[in-house]
Amino acid sequence: MSYYQKQYENYVFPFYESIIKGRNTASYYYNSLQTQNVSSEEIIHNQSILFCALLKHASQCCPYYKKIIQDYGIDLNNFTGITDLNKLPVLNKDIIRSNFDSLISTLHRDVIWTKSTGGSTGQPLHFAYTQESYEWRVAMSKRGYTWAGALPGAKQAYIWGVQLGKLGRIQQLKERFHHFVDRQLYFNCFDFDEKAMTQCLSGLNLFKPAAVVGYTNPLYNLALFIGDNSKIKFAPQGVICAAEKVHPYQREVIERVFGAKVFNTYGSREFMLIAAECEKHEGLHISAENLIVEIIKEDGTTAKEGETGRIIVTDLHNYGMPFIRYEIGDLGVATSKICSCGRGLPLIADVVGRSLDVIRTPEGKIVPGEFFPHLMKDFSDIARFQVLQEKLDHLVIKLVPTTELSEATKKRIDSEVRTVVGPTMVIKYEIVSDIPLTATGKYRVTISKLTGEQNG
Ligand SMILES: [Zn+2]
(Lines give C-alpha, C1' and ligand atoms only; values in the text may rest on other atoms or scores of the structure.)
Protein backbone atom coordinates (compact mmCIF):
# COMPACT_ATOMS: atom_id res chain seq x y z
CA MET A 1 0.00 0.00 0.00
CA SER A 2 1.42 3.39 -1.00
CA TYR A 3 2.10 6.21 1.47
CA TYR A 4 -0.75 8.31 0.04
CA GLN A 5 -3.15 5.38 0.21
CA LYS A 6 -2.38 4.93 3.92
CA GLN A 7 -2.83 8.64 4.60
CA TYR A 8 -6.01 8.66 2.52
CA GLU A 9 -7.53 5.71 4.36
CA ASN A 10 -6.55 6.95 7.81
CA TYR A 11 -7.08 10.68 7.46
CA VAL A 12 -8.21 12.17 4.12
CA PHE A 13 -11.28 10.00 3.48
CA PRO A 14 -12.71 10.04 7.05
CA PHE A 15 -11.82 13.74 7.53
CA TYR A 16 -13.30 14.90 4.21
CA GLU A 17 -16.48 12.88 4.60
CA SER A 18 -17.14 13.34 8.33
CA ILE A 19 -15.74 16.74 9.21
CA ILE A 20 -15.98 18.71 5.95
CA LYS A 21 -19.11 17.16 4.49
CA GLY A 22 -20.76 15.99 7.72
CA ARG A 23 -21.47 12.61 6.19
CA ASN A 24 -21.43 9.04 7.49
CA THR A 25 -20.02 7.59 4.26
CA ALA A 26 -16.66 6.66 5.79
CA SER A 27 -18.20 4.86 8.77
CA TYR A 28 -20.68 2.97 6.55
CA TYR A 29 -17.80 1.98 4.29
CA TYR A 30 -15.52 0.72 7.08
CA ASN A 31 -18.41 -1.06 8.74
CA SER A 32 -19.32 -2.78 5.45
CA LEU A 33 -15.84 -4.29 5.26
CA GLN A 34 -16.85 -6.24 8.39
CA THR A 35 -20.49 -6.99 7.53
CA GLN A 36 -19.57 -8.50 4.14
CA ASN A 37 -18.08 -11.41 6.06
CA VAL A 38 -21.08 -12.33 8.25
CA SER A 39 -23.20 -15.35 7.32
CA SER A 40 -25.92 -15.04 4.70
CA GLU A 41 -28.52 -15.90 7.40
CA GLU A 42 -27.39 -12.92 9.46
CA ILE A 43 -27.47 -10.65 6.42
CA ILE A 44 -31.04 -11.73 5.62
CA HIS A 45 -32.02 -11.25 9.26
CA ASN A 46 -30.60 -7.71 9.24
CA GLN A 47 -32.33 -6.93 5.95
CA SER A 48 -35.66 -8.06 7.41
CA ILE A 49 -35.31 -5.72 10.39
CA LEU A 50 -34.40 -2.79 8.14
CA PHE A 51 -37.18 -3.61 5.71
CA CYS A 52 -39.90 -3.76 8.41
CA ALA A 53 -38.76 -0.34 9.67
CA LEU A 54 -38.82 1.09 6.14
CA LEU A 55 -42.28 -0.31 5.45
CA LYS A 56 -43.62 1.13 8.70
CA HIS A 57 -42.19 4.53 7.81
CA ALA A 58 -43.59 4.36 4.26
CA SER A 59 -47.04 3.39 5.51
CA GLN A 60 -47.11 6.40 7.84
CA CYS A 61 -45.44 9.06 5.71
CA CYS A 62 -46.02 8.24 2.03
CA PRO A 63 -49.65 8.49 0.86
CA TYR A 64 -48.93 6.04 -1.97
CA TYR A 65 -47.78 3.29 0.41
CA LYS A 66 -50.48 4.09 2.99
CA LYS A 67 -53.01 3.22 0.31
CA ILE A 68 -51.11 0.12 -0.87
CA ILE A 69 -50.97 -1.24 2.70
CA GLN A 70 -54.72 -0.73 3.04
CA ASP A 71 -55.61 -2.07 -0.42
CA TYR A 72 -53.52 -5.20 0.03
CA GLY A 73 -54.68 -5.78 3.61
CA ILE A 74 -51.12 -5.87 4.97
CA ASP A 75 -50.88 -6.34 8.74
CA LEU A 76 -47.66 -4.56 9.65
CA ASN A 77 -47.55 -6.15 13.10
CA ASN A 78 -47.39 -9.60 11.57
CA PHE A 79 -45.10 -8.75 8.68
CA THR A 80 -42.05 -10.99 8.97
CA GLY A 81 -39.71 -9.19 6.58
CA ILE A 82 -38.13 -10.64 3.49
CA THR A 83 -40.24 -13.80 3.37
CA ASP A 84 -43.36 -11.61 3.13
CA LEU A 85 -42.00 -9.29 0.45
CA ASN A 86 -44.07 -10.79 -2.34
CA LYS A 87 -47.26 -9.73 -0.57
CA LEU A 88 -46.45 -6.23 -1.81
CA PRO A 89 -46.94 -5.11 -5.41
CA VAL A 90 -44.10 -4.23 -7.73
CA LEU A 91 -43.29 -0.55 -8.30
CA ASN A 92 -42.25 0.60 -11.77
CA LYS A 93 -41.27 3.74 -13.65
CA ASP A 94 -44.80 4.46 -14.89
CA ILE A 95 -46.17 4.25 -11.33
CA ILE A 96 -43.45 6.56 -10.06
CA ARG A 97 -44.14 9.07 -12.78
CA SER A 98 -47.85 9.21 -12.06
CA ASN A 99 -47.52 9.11 -8.23
CA PHE A 100 -44.37 11.15 -7.74
CA ASP A 101 -45.71 13.43 -4.99
CA SER A 102 -47.49 10.73 -3.01
CA LEU A 103 -44.33 8.61 -3.00
CA ILE A 104 -42.34 11.36 -1.26
CA SER A 105 -42.24 11.11 2.53
CA THR A 106 -44.04 14.01 4.22
CA LEU A 107 -41.20 14.10 6.77
CA HIS A 108 -38.55 14.53 4.10
CA ARG A 109 -40.10 16.96 1.60
CA ASP A 110 -37.65 19.73 2.41
CA VAL A 111 -34.52 17.62 2.64
CA ILE A 112 -34.63 15.38 -0.42
CA TRP A 113 -32.30 15.60 -3.38
CA THR A 114 -33.52 14.81 -6.87
CA LYS A 115 -31.87 13.09 -9.77
CA SER A 116 -32.77 11.70 -13.19
CA THR A 117 -31.90 8.52 -14.99
CA GLY A 118 -32.02 7.74 -18.70
CA GLY A 119 -32.24 4.07 -17.74
CA SER A 120 -31.18 1.12 -19.79
CA THR A 121 -34.82 0.72 -20.79
CA GLY A 122 -35.17 3.98 -22.68
CA GLN A 123 -37.60 5.52 -20.18
CA PRO A 124 -36.17 8.61 -18.48
CA LEU A 125 -37.14 8.86 -14.81
CA HIS A 126 -37.01 11.62 -12.25
CA PHE A 127 -36.68 10.45 -8.63
CA ALA A 128 -35.77 11.60 -5.13
CA TYR A 129 -33.43 10.35 -2.40
CA THR A 130 -31.95 11.46 0.90
CA GLN A 131 -28.44 12.31 2.04
CA GLU A 132 -28.48 9.17 4.18
CA SER A 133 -29.27 7.10 1.10
CA TYR A 134 -26.50 8.87 -0.81
CA GLU A 135 -23.97 8.05 1.93
CA TRP A 136 -24.98 4.39 1.81
CA ARG A 137 -24.75 4.12 -1.95
CA VAL A 138 -21.31 5.75 -2.06
CA ALA A 139 -20.07 3.45 0.74
CA MET A 140 -21.41 0.39 -1.09
CA SER A 141 -19.78 1.43 -4.37
CA LYS A 142 -16.44 2.03 -2.69
CA ARG A 143 -16.67 -1.33 -0.90
CA GLY A 144 -17.59 -3.21 -4.12
CA TYR A 145 -14.71 -1.63 -6.01
CA THR A 146 -12.20 -2.77 -3.39
CA TRP A 147 -12.81 -6.35 -4.55
CA ALA A 148 -11.19 -5.36 -7.85
CA GLY A 149 -8.21 -3.76 -6.14
CA ALA A 150 -9.62 -0.23 -6.33
CA LEU A 151 -8.96 0.59 -2.68
CA PRO A 152 -9.80 4.08 -1.42
CA GLY A 153 -6.88 6.36 -2.17
CA ALA A 154 -5.46 4.06 -4.86
CA LYS A 155 -5.27 5.69 -8.30
CA GLN A 156 -8.31 5.01 -10.45
CA ALA A 157 -8.75 5.89 -14.12
CA TYR A 158 -12.30 6.28 -15.42
CA ILE A 159 -13.28 5.68 -19.05
CA TRP A 160 -16.62 7.31 -18.45
CA GLY A 161 -19.50 9.30 -19.93
CA VAL A 162 -18.64 12.77 -18.78
CA GLN A 163 -21.45 15.18 -17.96
CA LEU A 164 -22.93 16.84 -20.99
CA GLY A 165 -23.57 20.52 -21.40
CA LYS A 166 -21.35 23.01 -19.71
CA LEU A 167 -20.77 22.86 -15.98
CA GLY A 168 -20.35 26.16 -14.19
CA ARG A 169 -16.78 27.17 -13.38
CA ILE A 170 -17.17 26.67 -9.63
CA GLN A 171 -18.77 23.26 -10.23
CA GLN A 172 -15.88 22.29 -12.52
CA LEU A 173 -13.31 23.33 -9.93
CA LYS A 174 -15.16 21.46 -7.20
CA GLU A 175 -15.28 18.32 -9.32
CA ARG A 176 -11.59 18.60 -10.21
CA PHE A 177 -10.67 19.01 -6.56
CA HIS A 178 -12.79 16.00 -5.65
CA HIS A 179 -11.15 13.86 -8.34
CA PHE A 180 -7.71 15.08 -7.26
CA VAL A 181 -8.28 14.14 -3.60
CA ASP A 182 -9.76 10.79 -4.62
CA ARG A 183 -6.94 10.30 -7.17
CA GLN A 184 -9.32 9.73 -10.04
CA LEU A 185 -8.55 10.61 -13.63
CA TYR A 186 -11.43 10.85 -16.14
CA PHE A 187 -11.46 10.24 -19.90
CA ASN A 188 -14.67 11.05 -21.76
CA CYS A 189 -15.83 7.94 -23.63
CA PHE A 190 -18.65 9.82 -25.36
CA ASP A 191 -15.97 11.36 -27.49
CA PHE A 192 -13.70 8.40 -28.15
CA ASP A 193 -12.19 8.73 -31.61
CA GLU A 194 -8.68 7.58 -32.54
CA LYS A 195 -7.10 10.81 -31.36
CA ALA A 196 -8.89 10.64 -28.02
CA MET A 197 -7.92 6.98 -27.57
CA THR A 198 -4.27 7.77 -28.34
CA GLN A 199 -4.35 10.54 -25.72
CA CYS A 200 -6.12 8.23 -23.29
CA LEU A 201 -3.38 5.60 -23.65
CA SER A 202 -0.60 8.14 -22.99
CA GLY A 203 -2.62 9.56 -20.09
CA LEU A 204 -3.04 6.11 -18.56
CA ASN A 205 0.65 5.29 -18.95
CA LEU A 206 1.63 8.51 -17.20
CA PHE A 207 -0.96 8.18 -14.42
CA LYS A 208 -0.38 4.44 -13.83
CA PRO A 209 -3.72 3.66 -12.18
CA ALA A 210 -4.17 0.75 -9.78
CA ALA A 211 -7.58 0.14 -11.32
CA VAL A 212 -9.27 1.10 -14.58
CA VAL A 213 -13.03 1.62 -14.40
CA GLY A 214 -15.09 2.03 -17.55
CA TYR A 215 -18.18 1.50 -19.61
CA THR A 216 -17.76 -1.94 -21.14
CA ASN A 217 -17.90 -1.09 -24.84
CA PRO A 218 -15.49 1.86 -24.79
CA LEU A 219 -13.09 -0.23 -22.65
CA TYR A 220 -13.31 -3.06 -25.15
CA ASN A 221 -12.79 -0.70 -28.09
CA LEU A 222 -9.85 0.91 -26.30
CA ALA A 223 -8.35 -2.54 -25.71
CA LEU A 224 -8.76 -3.41 -29.41
CA PHE A 225 -7.19 -0.07 -30.33
CA ILE A 226 -4.23 -0.57 -28.01
CA GLY A 227 -3.63 -4.11 -29.26
CA ASP A 228 -1.16 -6.61 -27.90
CA ASN A 229 2.16 -4.85 -28.34
CA SER A 230 2.90 -4.22 -24.66
CA LYS A 231 1.80 -0.63 -24.96
CA ILE A 232 0.41 -0.62 -21.44
CA LYS A 233 3.17 0.64 -19.14
CA PHE A 234 1.45 -0.03 -15.84
CA ALA A 235 0.05 -3.05 -14.06
CA PRO A 236 -3.50 -2.49 -12.81
CA GLN A 237 -4.93 -4.75 -10.10
CA GLY A 238 -8.20 -4.98 -11.95
CA VAL A 239 -10.40 -3.56 -14.70
CA ILE A 240 -13.94 -2.75 -13.59
CA CYS A 241 -16.62 -2.96 -16.28
CA ALA A 242 -19.75 -0.91 -15.64
CA ALA A 243 -22.96 0.32 -17.26
CA GLU A 244 -23.11 -2.38 -19.92
CA LYS A 245 -22.97 -6.14 -19.95
CA VAL A 246 -19.53 -7.63 -20.45
CA HIS A 247 -19.51 -10.50 -22.93
CA PRO A 248 -16.90 -13.30 -22.64
CA TYR A 249 -15.14 -12.22 -25.87
CA GLN A 250 -14.82 -8.68 -24.48
CA ARG A 251 -13.55 -9.93 -21.12
CA GLU A 252 -10.87 -11.96 -22.85
CA VAL A 253 -9.56 -9.06 -24.96
CA ILE A 254 -9.62 -6.53 -22.09
CA GLU A 255 -7.83 -8.94 -19.73
CA ARG A 256 -5.17 -9.74 -22.30
CA VAL A 257 -4.44 -6.12 -23.23
CA PHE A 258 -4.50 -4.67 -19.70
CA GLY A 259 -2.88 -7.71 -18.11
CA ALA A 260 -5.46 -7.75 -15.32
CA LYS A 261 -8.70 -9.49 -14.43
CA VAL A 262 -12.02 -7.96 -15.46
CA PHE A 263 -14.56 -7.38 -12.69
CA ASN A 264 -18.15 -7.16 -13.86
CA THR A 265 -20.42 -4.78 -11.97
CA TYR A 266 -24.11 -3.94 -12.08
CA GLY A 267 -25.40 -0.57 -11.05
CA SER A 268 -27.93 2.12 -11.88
CA ARG A 269 -28.50 5.79 -11.20
CA GLU A 270 -31.39 4.92 -8.88
CA PHE A 271 -29.10 2.93 -6.52
CA MET A 272 -25.47 3.20 -7.71
CA LEU A 273 -23.69 -0.15 -7.19
CA ILE A 274 -26.26 -2.96 -6.99
CA ALA A 275 -23.85 -5.89 -7.32
CA ALA A 276 -20.25 -6.60 -8.23
CA GLU A 277 -17.88 -9.50 -8.82
CA CYS A 278 -15.27 -10.35 -6.23
CA GLU A 279 -11.89 -11.93 -6.91
CA LYS A 280 -13.49 -15.37 -7.27
CA HIS A 281 -15.76 -14.31 -10.17
CA GLU A 282 -18.54 -16.73 -9.14
CA GLY A 283 -21.35 -14.24 -9.68
CA LEU A 284 -22.06 -10.68 -8.55
CA HIS A 285 -22.29 -9.97 -4.80
CA ILE A 286 -25.31 -7.84 -3.96
CA SER A 287 -24.80 -4.62 -1.92
CA ALA A 288 -27.04 -6.30 0.64
CA GLU A 289 -26.59 -3.87 3.53
CA ASN A 290 -28.28 -1.26 1.35
CA LEU A 291 -30.45 -3.18 -1.10
CA ILE A 292 -32.68 -6.22 -1.28
CA VAL A 293 -32.54 -7.72 -4.76
CA GLU A 294 -35.16 -10.23 -5.89
CA ILE A 295 -35.36 -12.04 -9.21
CA ILE A 296 -38.92 -12.94 -10.08
CA LYS A 297 -40.54 -14.80 -12.94
CA GLU A 298 -43.45 -13.61 -15.07
CA ASP A 299 -45.97 -15.20 -12.69
CA GLY A 300 -44.47 -13.24 -9.77
CA THR A 301 -42.82 -16.23 -8.10
CA THR A 302 -39.15 -16.20 -7.12
CA ALA A 303 -36.78 -17.47 -9.82
CA LYS A 304 -34.99 -20.70 -8.84
CA GLU A 305 -31.34 -21.63 -9.35
CA GLY A 306 -30.25 -20.76 -12.89
CA GLU A 307 -33.61 -19.29 -13.90
CA THR A 308 -33.87 -15.87 -15.51
CA GLY A 309 -36.32 -13.29 -14.19
CA ARG A 310 -37.05 -9.60 -13.67
CA ILE A 311 -34.75 -7.79 -11.25
CA ILE A 312 -36.68 -6.14 -8.40
CA VAL A 313 -34.83 -3.83 -6.00
CA THR A 314 -35.77 -2.47 -2.58
CA ASP A 315 -33.66 0.39 -1.19
CA LEU A 316 -33.39 -0.02 2.59
CA HIS A 317 -32.15 3.49 3.35
CA ASN A 318 -33.98 5.89 1.03
CA TYR A 319 -36.65 7.18 3.42
CA GLY A 320 -37.28 10.28 1.27
CA MET A 321 -38.84 8.32 -1.61
CA PRO A 322 -39.00 4.67 -0.66
CA PHE A 323 -38.27 2.30 -3.54
CA ILE A 324 -40.04 -0.85 -2.40
CA ARG A 325 -39.94 -3.71 -4.91
CA TYR A 326 -38.91 -1.51 -7.81
CA GLU A 327 -38.70 -3.14 -11.22
CA ILE A 328 -35.54 -1.71 -12.67
CA GLY A 329 -36.11 -3.07 -16.17
CA ASP A 330 -33.22 -5.55 -16.38
CA LEU A 331 -33.27 -9.33 -16.27
CA GLY A 332 -31.07 -11.40 -13.98
CA VAL A 333 -30.15 -15.05 -13.49
CA ALA A 334 -30.86 -16.30 -9.95
CA THR A 335 -28.53 -18.32 -7.76
CA SER A 336 -28.61 -19.31 -4.10
CA LYS A 337 -24.99 -20.42 -4.11
CA ILE A 338 -22.59 -18.94 -1.58
CA CYS A 339 -19.36 -17.58 -3.02
CA SER A 340 -16.16 -19.44 -2.15
CA CYS A 341 -14.55 -16.12 -1.13
CA GLY A 342 -16.31 -16.47 2.23
CA ARG A 343 -18.40 -13.29 1.99
CA GLY A 344 -21.99 -13.95 3.01
CA LEU A 345 -23.38 -11.34 0.62
CA PRO A 346 -25.87 -13.06 -1.71
CA LEU A 347 -25.12 -13.43 -5.42
CA ILE A 348 -26.79 -12.75 -8.74
CA ALA A 349 -25.41 -15.27 -11.25
CA ASP A 350 -25.59 -12.82 -14.15
CA VAL A 351 -27.40 -9.77 -15.44
CA VAL A 352 -28.87 -10.01 -18.90
CA GLY A 353 -30.75 -7.62 -21.11
CA ARG A 354 -28.48 -4.65 -20.65
CA SER A 355 -27.33 -4.43 -24.19
CA LEU A 356 -27.06 -1.08 -25.82
CA ASP A 357 -25.68 -1.28 -29.34
CA VAL A 358 -22.90 1.11 -30.18
CA ILE A 359 -23.47 3.77 -32.85
CA ARG A 360 -20.78 4.29 -35.48
CA THR A 361 -20.13 7.57 -37.25
CA PRO A 362 -19.04 8.15 -40.87
CA GLU A 363 -15.86 9.72 -39.42
CA GLY A 364 -14.98 6.40 -37.76
CA LYS A 365 -15.94 7.20 -34.18
CA ILE A 366 -17.72 4.68 -31.96
CA VAL A 367 -20.35 6.19 -29.69
CA PRO A 368 -21.41 4.02 -26.72
CA GLY A 369 -25.17 3.41 -26.59
CA GLU A 370 -25.03 4.77 -23.03
CA PHE A 371 -24.69 8.27 -24.45
CA PHE A 372 -28.38 8.43 -25.30
CA PRO A 373 -29.93 7.58 -21.88
CA HIS A 374 -27.36 9.94 -20.37
CA LEU A 375 -28.63 12.73 -22.62
CA MET A 376 -32.37 12.00 -22.47
CA LYS A 377 -32.54 11.83 -18.67
CA ASP A 378 -32.40 15.62 -18.58
CA PHE A 379 -35.69 16.07 -20.45
CA SER A 380 -38.86 15.62 -18.43
CA ASP A 381 -40.96 16.00 -21.60
CA ILE A 382 -39.63 12.74 -23.07
CA ALA A 383 -41.35 9.57 -21.86
CA ARG A 384 -39.46 7.10 -24.05
CA PHE A 385 -36.96 7.08 -26.85
CA GLN A 386 -35.12 4.79 -29.21
CA VAL A 387 -32.15 5.27 -31.52
CA LEU A 388 -31.88 3.25 -34.71
CA GLN A 389 -28.91 3.08 -37.07
CA GLU A 390 -29.60 1.30 -40.34
CA LYS A 391 -26.81 2.86 -42.40
CA LEU A 392 -23.45 4.31 -41.40
CA ASP A 393 -24.56 7.86 -42.20
CA HIS A 394 -28.21 7.63 -41.08
CA LEU A 395 -29.61 7.83 -37.59
CA VAL A 396 -33.28 7.72 -36.66
CA ILE A 397 -34.22 9.00 -33.21
CA LYS A 398 -37.72 8.10 -32.11
CA LEU A 399 -39.19 10.17 -29.31
CA VAL A 400 -42.38 9.60 -27.31
CA PRO A 401 -43.12 12.97 -25.71
CA THR A 402 -45.21 13.47 -22.55
CA THR A 403 -46.55 16.75 -23.91
CA GLU A 404 -45.74 18.64 -27.09
CA LEU A 405 -41.96 18.95 -27.32
CA SER A 406 -40.69 22.47 -26.88
CA GLU A 407 -38.42 24.03 -29.49
CA ALA A 408 -35.75 24.42 -26.78
CA THR A 409 -35.78 20.66 -26.09
CA LYS A 410 -35.56 19.79 -29.79
CA LYS A 411 -32.73 22.24 -30.32
CA ARG A 412 -30.72 21.05 -27.32
CA ILE A 413 -31.09 17.36 -28.18
CA ASP A 414 -30.06 18.04 -31.77
CA SER A 415 -27.03 20.04 -30.76
CA GLU A 416 -25.83 17.47 -28.19
CA VAL A 417 -26.33 14.54 -30.61
CA ARG A 418 -24.63 16.44 -33.44
CA THR A 419 -21.55 17.11 -31.29
CA VAL A 420 -21.13 13.39 -30.69
CA VAL A 421 -22.09 11.84 -34.05
CA GLY A 422 -20.13 14.31 -36.19
CA PRO A 423 -20.99 16.70 -39.02
CA THR A 424 -22.03 14.34 -41.83
CA MET A 425 -24.50 12.00 -40.11
CA VAL A 426 -28.08 12.49 -41.32
CA ILE A 427 -30.26 12.61 -38.21
CA LYS A 428 -33.98 12.06 -38.58
CA TYR A 429 -36.33 12.66 -35.65
CA GLU A 430 -39.64 10.83 -35.43
CA ILE A 431 -42.24 11.83 -32.88
CA VAL A 432 -44.20 8.64 -32.16
CA SER A 433 -46.91 7.63 -29.70
CA ASP A 434 -45.26 4.35 -28.66
CA ILE A 435 -42.22 2.16 -29.24
CA PRO A 436 -42.82 -1.59 -29.63
CA LEU A 437 -41.22 -4.10 -27.25
CA THR A 438 -38.73 -6.74 -28.34
CA ALA A 439 -39.66 -10.43 -28.30
CA THR A 440 -38.35 -10.68 -24.71
CA GLY A 441 -40.56 -7.82 -23.57
CA LYS A 442 -37.74 -5.27 -23.32
CA TYR A 443 -37.24 -1.91 -24.94
CA ARG A 444 -34.06 -1.61 -26.89
CA VAL A 445 -32.61 1.85 -26.49
CA THR A 446 -30.12 1.74 -29.33
CA ILE A 447 -30.32 -0.61 -32.27
CA SER A 448 -27.55 -0.88 -34.84
CA LYS A 449 -28.24 -2.75 -38.06
CA LEU A 450 -24.66 -2.42 -39.29
CA THR A 451 -23.76 -6.05 -39.94
CA GLY A 452 -20.74 -7.58 -38.30
CA GLU A 453 -19.85 -4.31 -36.67
CA GLN A 454 -22.04 -4.37 -33.63
CA ASN A 455 -20.54 -5.18 -30.33
CA GLY A 456 -23.19 -3.91 -27.97
ZN1 LIG B 1 -17.12 -13.73 -3.59
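Using the structure shown, decide if ALA154 is part of a loop (DSSP other than H, G, I, E, B) and at pLDDT 90 or above. Steps first, please.
Details: part of a loop (DSSP other than H, G, I, E, B): yes; at pLDDT 90 or above: yes.
So ALA154 fits the description; yes.
Mind telling me which of the residues GLY369, GLY342 ends up being crowded, with 21+ Cβ neighbours inside 10 Å, of a type in the set (Gly, Ala, Ser) and either within 16 Å of the ligand (Cβ to nearest atom) or not assigned by TED's automatic domain parsing to the domain that holds TYR129 (or both)? Can you show your working first?
Numbers: GLY342 fails: crowded, with 21+ Cβ neighbours inside 10 Å.
Sole residue among the options that is crowded, with 21+ Cβ neighbours inside 10 Å, of a type in the set (Gly, Ala, Ser) and either within 16 Å of the ligand (Cβ to nearest atom) or not assigned by TED's automatic domain parsing to the domain that holds TYR129 (or both): GLY369.
Restricting to region 241-258, name every residue that is touching a residue at least 24 places away in the same chain (Cβ under 8 Å) and either within 15 Å of the ligand (Cβ to nearest atom) or in a helix (DSSP H, G or I) (or both).
GLN250, VAL253, ILE254, ARG256, VAL257, PHE258
Restricting to region 283-332, and then to whatever is polar (S, T, N, Q) and under 17 Å from the mean Cα position of the chain (by Cα), can you tell me which residue is nearest to the ligand (Cβ to nearest atom)? Outline the logic, then answer.
Restricting attention to region 283-332, the residues satisfying the condition of being polar (S, T, N, Q) are 287, 290, 301-302, 308, 314, 318.
Filter once more, keeping what is under 17 Å from the mean Cα position of the chain (by Cα): 287, 290, 314, 318.
Numbers: SER287: 13, ASN290: 17, THR314: 22, ASN318: 26 Å.
If we take residues in region 283-332 being polar (S, T, N, Q) and under 17 Å from the mean Cα position of the chain (by Cα), then SER287 is nearest to the ligand (Cβ to nearest atom).
Can you report the number of residues in region 259-277 which are of a type outside the set (S, T, N, Q), within 10 Å of the chain's Cα centre (by Cα), away from the ligand (no atom under 14 Å from the Cβ) and not in a loop (DSSP other than H, G, I, E, B)? Show your work before the answer.
Our first condition is that a residue be of a type outside the set (S, T, N, Q); within region 259-277, this holds for 259-263, 266-267, 269-277.
If we keep only those that are within 10 Å of the chain's Cα centre (by Cα) as well, we get 266-267, 269-275.
Of the ones still in play, those that are also away from the ligand (no atom under 14 Å from the Cβ) are 266-267, 269-274.
Next cut, not in a loop (DSSP other than H, G, I, E, B) only: 266-267, 272-274.
Qualifying residue count for the region: 5.
Does region 350-360 contain at least one residue that is within 16 Å of the ligand (Cβ to nearest atom) and in contact with a Ser or Thr (Cβ under 9 Å, 6 or more places away or on another chain)?
Checked against the condition, which is being within 16 Å of the ligand (Cβ to nearest atom) and in contact with a Ser or Thr (Cβ under 9 Å, 6 or more places away or on another chain), region 350-360 yields at least one hit.
What number of residues within region 200-251 satisfy the criterion of being in contact with an Asp or Glu (Cβ under 8 Å, 6 or more places away or on another chain) and not small (Gly, Ala, Ser)?
In the first step, residues of region 200-251 are kept if they are in contact with an Asp or Glu (Cβ under 8 Å, 6 or more places away or on another chain); the result is 215-217, 225, 239, 243-244.
Next cut, not small (Gly, Ala, Ser) only: 215-217, 225, 239, 244.
Number of matching residues: 6.
Quick check on ALA383: is it among the small types (Gly, Ala, Ser) and under 26 Å from the mean Cα position of the chain (by Cα)? Walk me through how you get there before you give the answer.
On the way: among the small types (Gly, Ala, Ser): yes; under 26 Å from the mean Cα position of the chain (by Cα): yes.
It is true that ALA383 is among the small types (Gly, Ala, Ser) and under 26 Å from the mean Cα position of the chain (by Cα).
Go through (1) at pLDDT below 95; (2) among the hydrophobic types (A, V, I, L, M, F, W, C); (3) closer than 26 Å to ASP84 by Cβ one by one and return the number of the condition ALA53 breaks.
(1)
Going by what's in this entry, would GLN199 be described as in a helix (DSSP H, G or I) and under 23 Å from the mean Cα position of the chain (by Cα)? Give the steps one after another, and end with the answer.
Details: in a helix (DSSP H, G or I): yes; under 23 Å from the mean Cα position of the chain (by Cα): no.
No: the conditions fail for GLN199.
Please enumerate the residues belonging to region 232-259 that are surrounded by fewer than 21 Cβ atoms within 10 Å (Cβ to Cβ) and within 15 Å of PRO209 (Cβ to Cβ).
Within region 232-259, ILE232, LYS233, PHE234, ALA235, GLN237, GLY259 meet the criteria.
Would you pick out the residues in region 252-280 that are at pLDDT 95 or above and of a type in the set (Asp, Glu)?
GLU255, GLU277, GLU279
Would you check which residues across region 110-151 are in a loop (DSSP other than H, G, I, E, B) and either within 16 Å of the ligand (Cβ to nearest atom) or more than 17 Å from the chain's Cα centre (by Cα) (or both) and list them? Working first, answer last.
Taking region 110-151 and keeping what is in a loop (DSSP other than H, G, I, E, B), we get 110-112, 118-124, 130, 147-151.
Selection gives ASP110, VAL111, ILE112, THR130, TRP147, ALA148, GLY149, ALA150, LEU151.
Looking at (1) buried (at least 21 other Cβ atoms within 10 Å of the Cβ); (2) within 16 Å of the ligand (Cβ to nearest atom), find the lone condition where LYS280 falls short.
For LYS280, the failing item is (1).
In region 56-94, how many residues are under 15 Å from ASN318 (Cα atoms), of a type outside the set (Ser, Thr, Tyr) and either in contact with a Ser or Thr (Cβ under 6 Å, 6 or more places away or on another chain) or modelled with pLDDT under 90 (or both)?
Residues meeting the conditions: 2.
The values are calculated or read from the model by the stated rules, or taken from the named source; none is laboratory data. Bear in mind that the values here come from a model prediction, so they are computed numbers and not experimental data. Note: ideal-geometry Cβ built from the backbone for every residue, glycine included; neighbour counts use all protein chains shown.
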